[in-house]
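Reviewing the structure listed below.
The values are calculated or read from the model by the stated rules, or taken from the named source; none is laboratory data. Since this is a predicted model, take the numbers as computed values, not measurements. Here the Cβ positions follow ideal geometry from the backbone for every residue, glycine too, while neighbour counts run over all protein chains shown.
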Amino acid sequence: MKIEEVIVNGEKVYLKKDRLGWHEVHPIKKDIAQPIRIGKKINWKNINWKNLISGGSWVKLGIIFFIILIICGCIYEYSTAVRIANECIDSTILYIPLN
């Protein structure tokens, strides 16, 4: 699938068509026409670092990190609660009467 360049209000917008229709993409190359790799040498000046690291938006990257942080906190809290419950059960002496 080829990335198309469209100018909207003087700003370049990159679009790509797939099965579901047209979608905006954030290319990792500054100049779409030039390749990133020339032979064995990488053209570091042609890499768009913001789009490579964040996928085009720092806000979306922050939201993903926040969601991952919440999930890790929930897993830690659950494991702590299970550990404390096991310690309570192990320290409890049960009295089972014999008939």
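At-a-glance table
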{"quantity": "Selected residue (criterion: nearest to the chain's Cα centre (by Cα)) from residues of region 1-39 that are β-branched (Val, Ile, Thr) and not in a loop (DSSP other than H, G, I, E, B)", "calculated": "VAL25"}
{"quantity": "Failed item, numbered, when GLY62 is tested on (1) touching a helix residue (DSSP H, G or I) at 6+ places or on another chain (Cβ under 8 Å); (2) part of a helix (DSSP H, G or I); (3) of a type in the set (Gly, Ala, Ser)", "calculated": "(1)"}
{"quantity": "Qualifying residue in region 18-28 (condition: touching a residue at least 12 places away in the same chain (Cβ under 8 Å), loosely packed, with under 10 Cβ neighbours inside 10 Å and not basic (Lys, Arg))", "calculated": "yes"}
{"quantity": "The lone exception for ILE68 - which of (1) outside the structural domain of VAL25 (by TED's automatic domain parsing); (2) surrounded by 10 or more Cβ atoms within 10 Å (Cβ to Cβ); (3) at pLDDT below 85 it fails", "calculated": "(3)"}
{"quantity": "Sole residue being in contact with a strand residue (DSSP E or B) (Cβ under 8 Å, 6 or more places away or on another chain) and of a type in the set (Ser, Thr, Tyr), chosen from TYR95, TYR14", "calculated": "TYR14"}
{"quantity": "For LYS40: the one exception among (1) farther than 26 Å from GLY62 by Cβ; (2) surrounded by 13 or more Cβ atoms within 10 Å (Cβ to Cβ); (3) not polar (S, T, N, Q)", "calculated": "(2)"}
